[in-house]
1. List pairs: first in the range B:37-51 and among the small types (Gly, Ala, Ser), second assigned to a loop (DSSP other than H, G, I, E, B), Cβ under 8 Å, 6+ apart or cross-chain?
2. Looking for something in a loop (DSSP other than H, G, I, E, B), without any contact (Cβ under 8 Å) to a residue 12 or more places away in the chain and at positive phi - is there at least one such residue anywhere in the range A:256-268?
3. Tell me yes or no: at least one residue of the range A:83-90 is β-branched (Val, Ile, Thr), assigned to a loop (DSSP other than H, G, I, E, B) and more than 14 Å from chain B (Cβ to nearest Cβ).
4. In the range A:140-157, what count of residues is obtained for those that are out of contact with any Cys (no Cβ under 9 Å at 6 or more places or on another chain) and not in a helix (DSSP H, G or I)?
5. Going by the conditions given, is B:Gly21 touching a Gly at 6+ places or on another chain (Cβ under 6 Å) and assigned to a loop (DSSP other than H, G, I, E, B)?
6. Pick from A:Ser174, A:Ser168: which is surrounded by fewer than 20 Cβ atoms within 10 Å (Cβ to Cβ), within 30 Å of A:Glu301 (Cα to Cα), out of contact with any strand residue (DSSP E or B) (no Cβ under 9 Å at 6 or more places or on another chain) and at pLDDT 95 or above?
7. Count, please, the residues in the range A:158-194 that happen to be out of contact with any Lys or Arg (no Cβ under 6 Å at 6 or more places or on another chain) and assigned to a helix (DSSP H, G or I).
8. Residues in the range B:12-29: is at least one at the interface with chain A (Cβ under 9 Å from one of its Cβ atoms), farther than 30 Å from A:Leu35 by Cβ and in contact (Cβ under 8 Å) with a residue 24 or more places away in the chain?
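The values are calculated or read from the model by the stated rules, or taken from the named source; none is laboratory data. All figures in this text were calculated on a predicted structure; none of them were measured in a lab. Virtual Cβ from ideal backbone geometry, glycine too; neighbours counted across all protein chains shown.
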Amino acid sequence: MSNRTPEDPDARRRRTEERERLVAHRGLATWGEKLVPLGRFREATEKTGRRLSRVERDEERSRFLSGSAEKAPIEGPYSRVAVCGGVYNNHFALTALLDDAARRGAEAVYCLGDLGGFGPNPEKVRPLLEQGEVLTIQGNYEASLSTGHDDCDCGYTDPRDNHFAEVSYGYTASHASPDFKRWMGTLPKTRRVNVGSRELLLVHGSPRRINEFLFQSTTPVAFLEVLLDQHGCDGFLCTHTGLHWHRQLPSGRDVVNVGVIGRPANDGNTHVWYSLLEERNDKLNVELLPLEYDHDALAKEMRTEELPEEFVETVLSGWWTTCLEILPARERSLSRF
Amino acid sequence: MNTVPQVGLASLDTVWFQVAGTVCNLACSHCFVSSSPTNHTHEAMSLAEIEPYLKEGARLGVKEYYFTGGEPFLNPEMEAILESTLAFGPATVLTNGLLLPPDRCQRLRAIADKADYSLDFRISLDGYNAETNDPIRGEGTFDRILQGVRALYLEGLNPVITVTEVHDENGSVGGRERFFALVRELGIQKPRLKILPVFRIGAEAERTGAYENWQTLSGADALCGDWSHLQCSNSRMVTDQGVWVCPILVNEPSAKMGEALTDTLVPFPLGHPACWTCHVYGVSCRT
């Protein structure tokens, strides 16, 4: 006696095929679309590809890792500099930064680009940069806006991230004047500055790519040492991710992601972050500093400009609500959304 | 005469390991490397085999490491391999989610917590219900995959659900929404999703047919001038038999480039029809 309903012929066929696939490779290998005796595949791979000698490998590696041609003129030397990342149209935070940096005795203020996006009224940023004599480089925003690109080129890959990136970019692109955009194109893409005796390279994303994301949990020490060797500097400063960190490397060199002053650091606090650097006792002293600003006024202006309520929520809560998919597993696990 | 475009290696950012070889506890009908319990085309790699590549990778400035197979957790040394790798950089494991009992997830959590770098997981799922998933991945797998997703999530290791476009609707806006809804039903508030096209090679060629003749890249494609979207411009795949150009072509002996990573820092011709998929769809196997 059986209560079983007769098996659907499709399901039966699938099960037979599945069983065939499970055992198909006994003693055989897949070579392209053919099954061949395992030994034949192994023999072929044994003979394929390059097998360099030790000396040749050393030469090949040096060729591959050869230095970059980038060599911006060296500015300074300064004993103390303030460096900020993405302004994202947050003119309230930029005003606060200029006050705070002056109060702390910074001799120069640098900005690593991404002046626009996210916040309201891009035109309010430029006069502050000029009055504050902020030494600025291009971020991907400036590179895109000054060349008439229809995309911020932030480097997101998930459609959810790209949706809000488009909203941000569209707003800034239509509210920044042609003159401001032309000015953005005159900014250098890198700068070099001596802090004490240390030559630091200033970039937006990374020394090799304007939109490379360097998050703390996915940026290994060995990778950074190679970049610094290639670019011949004692350290580099970057932004782009929105999250600040500092790593002192075994070689004694430093890499700092200075964070951004445009939006909070996804930690439930409304303040933003910038960095103060000076050479002390033959070491680079890096202070990552929280910066309070009038975030309520920013939120109000964003609402007046009808920017997405998701962005306003971030300003008021300190938690990111958009562009989250780009975060590595570690940073995402610490995120509310 | 048609010339095959060549892609140089701009930098070596990502190193992949075929850590389980082509051995898998499943035999999915769309697997582009035809992995199965009996497929030993590539064998699992031991920690001792992997370590030299990690050291070499560090000297070449590698940024991240990925592990795939076959099923990585069939490799008895997988947890030790992850621990060692995380001393060098971030690691991501592509798994089918069937070998993730709670005790293993707890150990993985401990490994992740101890590391300086991120440990991430991708779990493959090919339909938002058993009716659409199981014909591809195997009878009964839908429920077991979701158990694996949940087990990892409960340890704070929220995996990226990786879906291939085996069903046309999988990658559509509506299809994505259904996957998000499914993951939220498991209590996961931050659904992570990656959609990949299918490669019409391996088992998939039998399921839906191989590439057509016109699906190949030519000299004219090189006119776009920029290959930076192709993973062969910034990654390599290591198996027990040497270093391959990419994770897709490991069943093509001609796509093996050398024994050590340093042997493979030279350009590679985009002569395989699978290269067409990567170029046209802008595919990267990385997350």
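1. B:Ala44/B:Val19; B:Ala44/B:Ala20; B:Ala44/B:Gly21; B:Ala44/B:Gly69; B:Ala44/B:Gly70; B:Ala44/B:Asn75; B:Ala44/B:Asp240; B:Ser46/B:Glu77
2. Residues of the range A:256-268 that are in a loop (DSSP other than H, G, I, E, B), as a first pass: A:258-268.
Restricting the remaining residues to those that are without any contact (Cβ under 8 Å) to a residue 12 or more places away in the chain gives none.
The answer is no, given that none of the residues of the range A:256-268 is in a loop (DSSP other than H, G, I, E, B), without any contact (Cβ under 8 Å) to a residue 12 or more places away in the chain and at positive phi.
3. Taking the range A:83-90 and keeping what is β-branched (Val, Ile, Thr), we get A:83, A:87.
The next check asks that each one be assigned to a loop (DSSP other than H, G, I, E, B); those that pass are A:87.
Still in the running and more than 14 Å from chain B (Cβ to nearest Cβ): A:87.
Within the range A:83-90, one or more residues are β-branched (Val, Ile, Thr), assigned to a loop (DSSP other than H, G, I, E, B) and more than 14 Å from chain B (Cβ to nearest Cβ).
4. Looking only at the range A:140-157, we keep the residues that are out of contact with any Cys (no Cβ under 9 Å at 6 or more places or on another chain), and these are A:142-143, A:146-153, A:155, A:157.
Okay, now just the ones that are also not in a helix (DSSP H, G or I), so A:147-153, A:155, A:157.
Residues that pass the stated criteria total 9.
5. On the way: touching a Gly at 6+ places or on another chain (Cβ under 6 Å): yes; assigned to a loop (DSSP other than H, G, I, E, B): yes.
Answer is yes for this residue.
6. Numbers: A:Ser168 fails: surrounded by fewer than 20 Cβ atoms within 10 Å (Cβ to Cβ).
Criteria check complete, one pass: A:Ser174.
7. In the first step, residues of the range A:158-194 are kept if they are out of contact with any Lys or Arg (no Cβ under 6 Å at 6 or more places or on another chain); the result is A:158-179, A:181-194.
Keeping just the survivors that are assigned to a helix (DSSP H, G or I) gives A:159-175, A:178-179, A:181-186.
Qualifying residue count, the range A:158-194: 25.
8. Within the range B:12-29 (the criterion being at the interface with chain A (Cβ under 9 Å from one of its Cβ atoms), farther than 30 Å from A:Leu35 by Cβ and in contact (Cβ under 8 Å) with a residue 24 or more places away in the chain), the answer is yes, since at least one residue qualifies.
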